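Worksheet for the structure shown next.
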Amino acid sequence: MPQQLDSQLRFKLYKEMLRIRIVENAIAEYYGEQEMRCPVHLSIGQEAAEAGACAALEKWDYVLSGHRSHGHYLAKGGNLKAMMAEIYGKATGCAGGKGGSMHLVDIEAGFLGAAPIVGSTIPIAAGVAFAAQMRNEDRVVMVFLGDGATETGAFYESVNFASLKNLPIVFLVENNFYSVYSPMNVRQKGDNRIVDIARAHGMEAHQADGNDLDGVYRLCSQAVTRARTGGGPSVLELITYRWREHCGPAYDNDIGYRTEAEFLSWKERDPVAAYERKLIDDGVAAQHEMDLIGSDLKQEVDAAIAYAKQSPWPNLDTLSSQVYAN
Amino acid sequence: MNRQLKFSEAIREATDQAMERDQSVYIIGLGVPDPKGIFGTTLGLLEKYGAERVQDMPLSENAMTGVALGSALVGMRPIITHQRMDFALVAMEQMVNQAAKWHYMFGGKAKVPMVVRMIIGRGWGQGPQHSQSLQAWFAHIPGLKVVMPTTAHDAKGLLAAAIEDNNPVIFIEHRWLHNIADEVPEEYYTVPLGKARVMCEGSDVTIVGTSYMALESLQAAEHLREEGISAEVIDLRTIRPWDVETVLTSIRKTGRLVVTDTAGAAFGVSAEIAATVLEREFASIKSAPVRIALPDHPCPTSPALSDHYYPRAGRIALEVKKMLGHKTVAESLDASPGHRLDVPDPSFKGPF
């Protein structure tokens, strides 16, 4: 069962969220060196949704994700060094250099995999939940998707099937308003469409502020408990905002698909800064404690990047291996 | 001893025995538990194994392929069925981008043991969207295996092997094979994937056939024998990985290649085999290879047209005779028997 949201847990959630921020900032910082030679989709601005949602899960629960998956992987307990090495294309990467940023995996941590064909991992996650149900296992599956993925047939088909079978799954939609450069109003009609689709399939659905870490945790805990206790699947739509470009390290508010003013209004709602103020106000932590955590995390991330850089390239004999499983 | 079983019954028996041996095997597909039971191939399984392991599904082929994949990732062994291969096309994304890639792209950490059964329709007006034979599409994709049994014996053994395999296996059944009986052992057995079978030995020409066309090839070989031509017929059985060595060994003996396939010749399995033989065994080749496969247009519905769409044994025999310089061109084998050619045998009354 998810833990009570006490001071200790709140500080832990903060640390998890901050860690994602620091990792993503580091990727942005180092990307220009041209040593991370794969597309990266950073989730800076969306960390509260990622940390809060995964914290509601048990270690043995499963997570699957899409192209913007670093935060989900880390929040579920994925190995940071193996992730960095994977982004650097090294033998020590979590997929041996075959996957890169868009194909993170850490089976031991319960992060079963991520794939960038939008919508594709939704039914796969439903299948994982289906297996858990068939085998009567105490296991919940959470699949992360974006607003764009809710436009795919795979989403509708999966929601229908999950509802039909009462699967132990949470469809966690991070709605950041943009699919690459395409805004919601050229893709979807109505502000409640995503939860309405779920409700039309007889499924529990909620829309909430994705930048409110405590709120995300509470909402996800309810959904996870519901799934775990036979109450069936849920769709949770968390409203949030990606700060940087769709793919790559830069800010791109100047190219014309969204405005600097819109970005700044969301930056005002920075989930990390907001939570720091909250923890201070609630007497959970002092600024210097959080600063200390921040510098510890920075060291951890720097060490992971150094590890990735120093790691060997994959051996050439792996080029054509692992096409088929034995 | 000598128990005869129809191809469709052999499929059913392989599924039954696999489900009995391994609790993680389950079967799901449109109509799997219905009264017709996928042309008889799933009859009785629901009663024996229950609704958890023998499931119908929503008309969501793409997502359900993903569901099967997801369940396979965590240790299940799903069999998903499509009553026509044409319907499986809406699930190409899951099969090609996902199922085929998960082992490789996660550095060997994921395994996808799943079987996707697809049935090729033919005749009785199956038309452009119920008769496609797209094995080359799947065979083009590293990470997928593609199996096409011809006999009931191999249908049982290859399906069992496909279920045991730790990779996504596309298992393709030709509808016209379902009612053909063969000697099928009662006990559980597997036929290894990737091994062709020499159906009859010969020394003048090698005829490689897939699925139903292997039977047409065998019939052609019998006719050719009466004409004094010795044809070796190879039933390919697995399309990917295909048994290159068995074919090359035969070519070294005969020096001549005819490939017959249930699909189109252009960019097809027959083209791949001919190209490989020419690349690898050019020195043994005595005449240009010949492909006997479907013409380069969709299948029409009317029997007046579709009767002329499918090549048959007579055409194979004719091409072999031409290749060997025989003057006789009489196509007695394919002479119109006075009835339509859109059924496998007179007992077939449609509609599927």
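Remarks
- About the Cα centre, charge dipole magnitude for the protein assembly as shown (Lys/Arg +1, Asp/Glu -1 at Cβ), debye: 1040
- Proximal charge balance of A:ARG199 [Cβ under 15 Å; K/R count +1, D/E count -1]: -2
- Computed as a quarter of the hull surface, the mean projected area of the alpha carbon convex hull for the range A:167-249 stands at 6.1 nm².
- Unit charges on C-beta of K, R, D, E only; dipole of chain B, Debye: 520
- Loop-located GluC sites (Glu not before Pro) across the range B:15-74 with a Cβ neighbour count of 15 or fewer within 10 Å are B:GLU52, with loop assigned by DSSP.
- The count of lysine pairs in the range B:6-183 with alpha-carbon distances below 20 Å, taking only pairs 8 or more places apart or on different chains, stands at 11.
- Highest-fluctuation residue, B:GLY123, B:GLY44, B:GLY108 considered, GNM on chain B with Cα pairs under 10 Å: B:GLY108
- The ranking of A:VAL323, B:VAL96 from fewest to most other beta carbons within 10 Å of each one's beta carbon is A:VAL323, B:VAL96.
- Within straight-line reach of B:LYS321, meaning a Cα separation under 25 Å, sit the following lysines at least 8 residues removed in sequence or on another chain: B:LYS253, B:LYS286.
- Over the range A:7-310, equivalent-ellipsoid semi-axes from the Cα gyration tensor in Å: 28, 22, 21
- Taking the Cα centre of the range A:1-64 as reference, the dipole from Cβ charges on Lys and Arg (+1) and Asp and Glu (-1) amounts to some 160 debye.
- Of A:GLY77, A:LEU42, A:PRO2, farthest towards positive along the dipole that unit charges on Lys, Arg, Asp, Glu beta carbons give the range A:1-81: A:PRO2
- Each other residue within a Cβ distance under 11 Å of A:ILE293 adds +1 if Lys or Arg and -1 if Asp or Glu, for a net charge of -2.
- Dimensions (Å) - the protein assembly as shown, Cα atoms, principal axes, largest first: 98, 53, 47
- Among B:ALA304, B:ALA271, B:ALA263: highest mean-square fluctuation, GNM of chain B, C-alpha pairs under 10 Å: B:ALA304
- Restricting the calculation to alpha carbons of chain B gives Rg and Dmax of 20.0, 62 angstrom.
- Value of Rg/Rh across the range B:6-183 [Cα atoms, Kirkwood radius]: 0.94
- Footprinting exposure proxy for B:ILE11, B:ILE207, A:ILE117 (fewest neighbouring C-beta atoms within 10 Å first): A:ILE117, B:ILE11, B:ILE207
- Legend: ranking of residues B:MET199, A:MET84 from fewest to most surrounding C-beta atoms inside 10 Å; resulting order B:MET199, A:MET84.
- The range B:1-104 - Debye-derived log10 I(q)/I(0), Cα point model, q = 0.11, 0.15, 0.16, 0.22 Å⁻¹: -0.35, -0.64, -0.72, -1.22
- For the range A:216-326, convex hull volume per residue from C-alpha positions, Å³: 261
- Close amide H pairs (under 5 Å, H built 1.01 Å from N) link A:MET142 with A:TYR62, A:VAL63, A:LEU64, A:VAL170, residues at least 5 positions away or on another chain.
- Net +/- balance of residues flanking B:GLN23 in space, Cβ distance below 15 Å, scoring K and R +1, D and E -1: -1
- Think of the range A:7-310 as having a plus end and a minus end, set by charges on the Cβ of Lys, Arg, Asp and Glu; of A:SER158, A:GLY89, A:LEU104, A:SER158 sits farthest toward the positive end of this dipole.
- Value of [θ]222 nm, deg cm²/dmol, for the protein assembly as shown, DSSP H segments ≥ 4, -39500 (n - 2.57) each, nearest 500: -11500 deg cm²/dmol
- Counted over the range B:6-183, the DSSP beta bridges are approximately 5% antiparallel.
- Compactness of the range B:197-334 is given as radius of gyration and Dmax, 14.2, 45 Å, from Cα positions.
- Dipole axis of chain B (+1 Lys, Arg; -1 Asp, Glu on Cβ), positive-most option in B:ALA10, B:GLN98, B:PRO303: B:GLN98
- Tail weight of P(r) past 25 Å, computed on alpha-carbon pairs of the range B:81-222, percent: 32
Rule-based calculations on the coordinates, nothing more; no lab input. None of the values given here were measured: they were computed from a predicted structure. No Cβ is skipped: glycine too gets one built from the backbone with ideal geometry, and neighbour counts run over all protein chains shown.
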